Amino acid sequence: MDLLSLTLDEVGSALEALGEPRYRARQLCSWVYARRAVDFEAMLNLPAALRSKLAQEFSLRPLEKVTVTGSKDTTRKFLFQLEDGQRIETVLIPASMGLDGERSKRRTLCVSSQVGCAYGCRFCASGLDGWKRNLSAGEIVAQLLAVEELTGEKIQNIVFMGMGEPFANYENLLRALAILNAPWGIGLGARHMTVSTSGLVPRIRDFADQPLQVRLAISLHGASDEVRDQIMPVNRRYPLEELLDACLHYSTKKKQYLTFEYILIRDVNDSEEQARALASHAQRLQAKVNLIPYNTVTGLDWERPTEAVQKRFLRIMQDRNIPTTLRREKGHDIAAACGQLRLAQAANSDGMASS
Ligand code: SAH
Ligand code: SF4
């Protein structure tokens, strides 16, 4: 059983089932999350018999590090192997770079929510080899535990922008967010957590009803149905107007500004007309915009626009007073790290490890 998938209440019930009092749930969770025990034997205020029972029933680390690439000052990618042999990627973005391209003192962890992705956006590496399975809540939470353990660094922000579509793994996503947020769990503020979706409209509406003030980012990547249809199959199911209505519902209900992510792809979505349409959507929703120059994916033909075209696009947004950032890091490309892992590469990955 995956202890990291359980809420405090459920840990209590699991302990009761083992013939133990419920109050031990707090002791156990404190070992797991506050003190980061990796071994039940270390939990000295629990009776020895219980410690060995727990060790038989539960697993504390469902991830195993395969490789780490990058260095302390750059984006670091962690390739993890799950207990069934599947592999996922987690990315640590250093303190000096915010995901929005602004300087920040906070470290951000970009987590995967699924093995592969079923949504098949035409530009994305994660969907190229299809969907394999959902991650459990514990496998999501464990990404943070493992990275903090491996680096000795504390993470302040978490973004669901790694492999997979978090809203297609909704129950486990909610569970993971609850554990990440809980005072007995990781204790991250809800506003320090961002979920990114390609636009699953019913889930955006459901998400407005869950209690946490988690931030929402929308992978828009096209400002009209014509363009979005071409690159994101999900748009045929949930066209732009429906998506924008759901976004408005979320931001109104949560009293929150959303972020539109917009990858700039040469001759696909980088026209002045698209920029003007994007600005008008952002205006209507009071959304912020992140422009991300496309990162080449092996096997795909898309390219990023020239810098002049990127700047023209940015200027159109700024002229309309839309809070917009254009990512331009050179050596350490953040976007190259998030949402870019291809299963086939993960399976073959070796070497290149820095630790
Ligand atoms: N499935 C969710 C969460 C994954 S986020 C979503 O799509 O929002 C991964 C982010 O990386 C998304 O914004 C995605 O659009 C972006 N991305 C995917 N391929 C990319 C590429 N080649 N270059 C830059 N960004 C890319
Ligand atoms: Fe899946 Fe998001 Fe990639 Fe689309 S962009 S294929 S939804 S991970």
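Normalised by the number of residues in region 3-57, the average gap of Cα pairs under 8 Å and 6 or more apart makes the relative contact order 22 percent. Contact order for the chain, expressed relative to its length and based on alpha carbon pairs under 8 Å spaced 6+ residues apart, stands at 17 percent.
Running a GNM on the chain with Cα contacts under 10 Å, which residue among Y250, Y23, Y294 ends up with the highest mean-square fluctuation? In this elastic network of the chain, the residue with the biggest mean-square fluctuation among Y250, Y23, Y294 is Y23.
Take the Cβ atoms of A308 and E171, set R0 to 51 Å, and the FRET efficiency comes out at 0.65.
With the convex hull drawn around the C-alpha atoms of region 67-219, the volume per residue stands at 115 Å³. If you count Lys pairs in region 63-354 whose Cα atoms are under 21 Å apart, skipping same-chain pairs closer than 8 places in sequence, the total is 18. In this label model, Q210 and A48 are separated by 4.3 nm, measuring between points 7 Å along each Cα→Cβ vector.
For a Förster distance of 25 Å, can you work out the FRET efficiency between the beta-carbons of E149 and D245, rounded to the nearest 0.05?
Computed FRET efficiency for E149 and D245: 0.05.
Spin-label pair R236-R266: with each label point 7 Å from Cα along the Cα-Cβ axis, the two points sit 2.8 nm from one another. Summing Cβ point charges (Lys, Arg +1; Asp, Glu -1) relative to the Cα centre of region 63-354 gives a dipole of roughly 820 debye.
For the residues Q86, Q286, Q27, a GNM of the chain with alpha-carbon springs under 10 Å puts the largest fluctuation on Q27. Of all the options T74, T151, T325, the one that moves most in a Gaussian network model of the chain with Cα springs shorter than 10 angstrom is T151.
Full extension from A17 to N321: what is 0.36 nm times the residue separation minus their Cα-Cα distance, to one decimal in nm?
Stretched out fully, the A17 to N321 stretch lengthens by 103.6 nm.
A straight chain from A182 to S59 at 0.36 nm per residue would run longer than the Cα-Cα distance by 42.2 nm.
Since every read-out is calculated from the coordinates, none of them should be taken as a lab result. Fair warning: this is a prediction, and the values are worked out from it, not measured in the lab. Positions of Cβ are backbone-derived with ideal geometry, glycine not excepted, and every protein chain shown enters the neighbour counts.
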